[in-house]
Amino acid sequence: MVVLDVHFRLFGKRHEALQQRTPAEVYRVSTRRPTPRTIGGFPEGCRMVRVNGHGNIHADGWKAYVNHALSHYAVGLEFREQEVRVWFFDVLLGAFDPRTQQSVEPITTLSERKQSTRSLTSNRRSDCYGRA
């Protein structure tokens, strides 16, 4: 009984800011629910590299600037015939030609972006640091 008395003294007090009601009288369960997030989902065959502290990625003797905000995170590199596409989980960040470009450029056509996103396979999962 002493425990309940202590609990009431700490949490059951009436508050001036709540018009002399207790927090339990005012509390309502939120109707908002968290949005489900998928972790992982890199395209199959992506090569994982880590973005350095300056926002650059290094692979096979070339360097490209991705984004400083992604420093120390892993990104996926999808090698295509004329370009390398850069993914952050299931988000296509952009592409670049390692022979001529030194920074990742966004893919501008929406149809090309949608087609790339559809090709993802959701059965591969990884943790929040991009490790499989």
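The values are calculated or read from the model by the stated rules, or taken from the named source; none is laboratory data. Owing to the predicted nature of the structure, the values given are computational and were not obtained by experimental measurement. Cβ sites come from the backbone with ideal geometry, for glycine too, and all protein chains shown count toward neighbours.
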What's the number of the condition V51 fails, among (1) of a type in the set (A, V, I, L, M, F, W, C); (2) modelled with pLDDT under 90; (3) touching a helix residue (DSSP H, G or I) at 6+ places or on another chain (Cβ under 6 Å)? (2)
Is region 106-126 home to any residue that is at pLDDT 50 or above and either touching a Lys or Arg at 6+ places or on another chain (Cβ under 6 Å) or under 18 Å from H58 (Cα atoms) (or both)? yes
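For every residue, the table says whether it meets (1) assigned by TED's automatic domain parsing to the domain that holds V84; (2) at pLDDT 80 or above; (3) among the aromatic types (F, W, Y); (4) under 30 Å from E83 (Cα atoms).
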| position | (1), (2), (3), (4) |
| --- | --- |
| V3 | no, no, no, no |
| L10 | no, no, no, no |
| L18 | no, yes, no, no |
| R21 | no, yes, no, no |
| G40 | no, no, no, yes |
Return yes or no: is A95 surrounded by 15 or more Cβ atoms within 10 Å (Cβ to Cβ) and touching an Asp or Glu at 6+ places or on another chain (Cβ under 8 Å)? yes
Every residue in region 58-85 that is of a type in the set (A, V, I, L, M) and within 18 Å of the chain's Cα centre (by Cα), please. V66, A69, L70, A74, V75, L77
